[in-house]
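Here the structure is laid out as structure tokens; the discussion comes afterwards.
The values are calculated or read from the model by the stated rules, or taken from the named source; none is laboratory data. The model shown is predicted, which means the values in this text are computed figures rather than measured ones. Glycine also receives a Cβ, built like all others from the backbone with ideal geometry; neighbour counts cover every protein chain displayed. Just so you know, the surface numbers come from the protein's heavy atoms only, side chains and all, with ligands and any DNA or RNA stripped out. Shrake-Rupley method; radii C 1.70, N 1.55, O 1.52, S 1.80 Å.
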Amino acid sequence: MTTQPTTFAHHLTRDPVPEEVRAAILADPGFGTNFSDHMVKIDWFGDVVAGTGSWSDPRIEPYGPLVLDPAAAVLHYGQEIFEGLKAYRHADGSVWTFRPEANAARLNRSARRLALPELPEEMFLDSLRELVAVDEQWVPDGEGESLYLRPFMIATEAFLGVRPSRQVLYSVIASPAGNYFGGPVKPVDIWLSRDYARAGRGGTGAAKCGGNYAASLVAQIEGESHGCQQVMFLDRDRGDAVEELGGMNVFFVLGEDTLVTPELTGTILEGVTRTSIIQLARDRGMTVEERRFTLEEWREGWRSGEVTEAFACGTAAVITPIGRLLSAEGTIGEEGARPGAVTMDIRKQLLDIQTGRAEDPHGWLTRLV
């Protein structure tokens, strides 16, 4: 059965960002500080408990503030979820995105966990196509640059009782993006959090919701005070098993042909970049192990030379080599370390697929414009 495309009403801005201002932004996009002229909005009314409800009024509107009642459920109970993906300009001028079906599926997994309504996959894809078609001029074409797309869903019903909201807004905004950490790719230092946890067993660790990121911020501040760009969390109930960074999954290279990443236990977000790296590594003939990997194994592996590289990954930063893990207990890694060969080879392969410079053997790309 063929799904009919979603029809969006267009209420376009009368005051777009001037062309010369947009050009200056695209010349140095940074990350998450500037936004395109428009946004997507779709409303939902219903009752998730009863299994009823429908999405309505898909529309493109000028980018701008949301009007929310002070009693809106999202402000009091944190009932919200979000996604992140990128639109890439290819050499022929077309614009593509990477594995959006996986983002649609994860959005709905998050929705189920946060008692929000699921959004049909085709409506999710149509919302991306519609926004990028309207704001195509915001897609940069510099090396490693993209238009970052941020779909999100918030509970908007004005009601202070503790139950799932019966009114929800789904929206998409877009922001031109450069390198997440700025400048050329180089290893980052990360701080080991001993006092804080990102998520707990039975909690929302596997959902992409703001509460998980809010919980990581105080640890991030602690890490920054020690000169680190990211923070790492452990599962103390599993022998100090490595989990993930504040907003990124993590991998370890053992020797030259084995890749290890923490197994999904319900407390770790299943990253789209993570699953893509696993596939690309297997394509290269590497052995990939999803398993418990402890802090002690990392420390001893670095000392013995068995752990040759470590890197973090996510949509925003793609793949970022890890230089050192710093903590009150000591340091793993060496200052001034260079990015590992396996890390950079996989990073290049992934970026080449995303930007159209290499074959897409798994059909991961979807054309938006």
For helix 295-304, what angle does its Cα long axis make with the longest principal axis of the chain, in degrees from 0 to 90 and rounded to 10? 50 degrees
Enter the angle in degrees (range 0 to 90, nearest 10) between the Cα long axis of helix 121-134 and the first principal axis of the Cα atoms of the chain, meaning the one along which they spread out most. 80 degrees
Report, in whole Å, the centroid distance computed from the Cα atoms of segment 180-199 and segment 205-236. 8 Å
Whole Å is fine, so just give me how far the alpha carbon centre of segment 6-77 lies from that of segment 245-264. 35 Å
Efficiency of FRET from Cβ geometry, S54 and K348, R₀ 35 Å, rounded to 0.05: 0.20
Area accessible to solvent at V369, 1.4 Å probe radius, in Å²: 40 Å²
In nm, the gap between the two label points placed 7 Å beyond Cα toward Cβ at R338 and E61 is 5.3 nm
Here the chain gives, from Cα atoms, an Rg and Dmax in Å of 21.0, 63
Rounded to the nearest angstrom and ordered from largest down, what semi-axes does the equivalent ellipsoid of segment 1-112 get from its C-alpha gyration tensor (root of 5λ)? 29, 20, 16
Give me the mean projected area, in nm² to one decimal, of the convex hull enclosing the Cα positions of segment 206-348. 8.3 nm²
In the chain, lysine pairs 8 or more places apart or on different chains with C-alpha atoms under 22 Å apart total 6
